[in-house]
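Asks: Attaching a single structure in structure tokens format; questions to follow.
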Amino acid sequence: MTGKELQTALHAGDTVIGTLVVSTSPFWPKIIKDCGLDFVFIDTEHIAIDRERLSWMCRTYSALGLPPLVRITDQNPNQATVALDDGAAGVIAPYVETAATARSLRGATKFRPLKGDRLKNTLSGQPLPSGLDDYIGTNAGSNLLILNTESVPAIDALDEILETEGLDAVLIGPHDLTTSLGIPEQYDHPKFLKAAETIFKKARKRGIGAGIHAWFSMDEQVRFVDMGANLLIHKADVIFFRQGMMKEMGELRERLNLDGDSDDGSAVNI
């Protein structure tokens, strides 16, 4: 899948599935490629990834047919242009609560490489010369813009935020949203589920993708899709490693009686 194909799928309402990639090992992209994903999510907001490493990750995953969506460190439009310069197929901006912020991020993604007064005038409605307009549309039109919707003020301003031209999707951050709602990490709470459904339905009604980063059970993720979500970030590579290792270590220790009362530690010699 290309970035443009991912963009088209989001607006068409097709369900796309990716995962959060924490590992920066060069060995990892080929493994991820074989997992049946539509895209990868690279989070620089919460994970320390330097610019050079981010760039090779983005370009490698793109070459493998997995468009990388990069969450930038903050809402600074300059960070969005940096991520795109480094090879991101699209930008996820954290904790967006106003339409003004959404518009500034639109300028950084959808009108790249315009800057300065030219960009300000364009965002205020001044038309571009036809040749420049065609150039921008061709070179920046497929850059994805996704906004994290993860607070009560964001929900209150959602109708106005969704009016942002060129917006491709909104994405729920469950941890931050439940915290903002006053029910931290209560992902089955009716208040959270109602908020999620509201976000999904409003976005989909406007032909904009609606997503969630979900590390929950399969049944819960299906429920989110039934509510209207069509962008799923399913768990993370580190979660799969932890869950798989814990399960197999438990089984192995049980079979070797390493946790039994009679084991004094002398049974294994290395």
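Asks: Hey, can you tell me all the residues within region 95-110 that are out of contact with any strand residue (DSSP E or B) (no Cβ under 9 Å at 6 or more places or on another chain) and part of a helix (DSSP H, G or I)?
Replies: The answer is Ala99, Ala100, Arg103, Ser104, Gly107.
Asks: Sort out which residues of region 111-136 are among the small types (Gly, Ala, Ser) and modelled with pLDDT under 90, and write them in order of number.
Replies: Within region 111-136, Ser124, Gly125, Ser130, Gly131 meet the criteria.
Asks: Restricting attention to region 206-230, and to residues there that are touching a strand residue (DSSP E or B) at 6+ places or on another chain (Cβ under 8 Å) and among the polar types (S, T, N, Q), which single residue is surrounded by the fewest Cβ atoms within 10 Å (Cβ to Cβ)?
Replies: My answer is Gln221.
Asks: From the residues in region 12-43 that are aromatic (Phe, Trp, Tyr) and touching a residue at least 24 places away in the same chain (Cβ under 8 Å), which one is surrounded by the fewest Cβ atoms within 10 Å (Cβ to Cβ)?
Replies: Among those that are aromatic (Phe, Trp, Tyr) and touching a residue at least 24 places away in the same chain (Cβ under 8 Å), it is Trp28.
Asks: Here's a follow-up. Of all residues in region 4-44, how many are more than 26 Å from Asn139 (Cα to Cα), within 12 Å of the chain's Cα centre (by Cα) and not polar (S, T, N, Q)?
Replies: 2
Asks: Another question, then. With the structure loaded, tell me whether Arg59 is touching a Pro at 6+ places or on another chain (Cβ under 9 Å), crowded, with 19+ Cβ neighbours inside 10 Å and either closer than 16 Å to Ser142 by Cβ or not β-branched (Val, Ile, Thr) (or both) or whether it fails that test.
Replies: no
Asks: Test Thr109 against the stated conditions and say whether it is of a type in the set (S, T, N, Q), more than 20 Å from Pro153 (Cα to Cα) and touching a Lys or Arg at 6+ places or on another chain (Cβ under 7 Å).
Replies: The answer is no for Thr109.
Asks: For region 31-41, does any single residue satisfy the condition of being within 26 Å of Ala102 (Cβ to Cβ), touching a helix residue (DSSP H, G or I) at 6+ places or on another chain (Cβ under 8 Å) and aromatic (Phe, Trp, Tyr)?
Replies: Looking through region 31-41, at least one residue is within 26 Å of Ala102 (Cβ to Cβ), touching a helix residue (DSSP H, G or I) at 6+ places or on another chain (Cβ under 8 Å) and aromatic (Phe, Trp, Tyr).
Asks: Here is a follow-up. Report whether or not Asp134 is without any contact (Cβ under 8 Å) to a residue 40 or more places away in the chain, part of a helix (DSSP H, G or I) and acidic (Asp, Glu).
Replies: yes
Asks: Any residue at all in region 111-124 that's hydrophobic (A, V, I, L, M, F, W, C), in contact (Cβ under 8 Å) with a residue 12 or more places away in the chain, assigned to a helix (DSSP H, G or I) and surrounded by fewer than 19 Cβ atoms within 10 Å (Cβ to Cβ)?
Replies: Within region 111-124, one or more residues are hydrophobic (A, V, I, L, M, F, W, C), in contact (Cβ under 8 Å) with a residue 12 or more places away in the chain, assigned to a helix (DSSP H, G or I) and surrounded by fewer than 19 Cβ atoms within 10 Å (Cβ to Cβ).
Asks: Can you find, within region 176-205, the residue that is nearest to the chain's Cα centre (by Cα) among those that are in contact (Cβ under 8 Å) with a residue 40 or more places away in the chain and crowded, with 16+ Cβ neighbours inside 10 Å?
Replies: Among those that are in contact (Cβ under 8 Å) with a residue 40 or more places away in the chain and crowded, with 16+ Cβ neighbours inside 10 Å, it is Asp176.
Asks: Let me ask another. Could you go through region 49-69 and let me know if any residue there is polar (S, T, N, Q), over 22 Å from Ile17 (Cβ atoms) and at pLDDT 95 or above.
Replies: yes
The values are calculated or read from the model by the stated rules, or taken from the named source; none is laboratory data. A quick note: this is a predicted structure, and the numbers were derived from the prediction, not measured. Cβ sites come from the backbone with ideal geometry, for glycine too, and all protein chains shown count toward neighbours.
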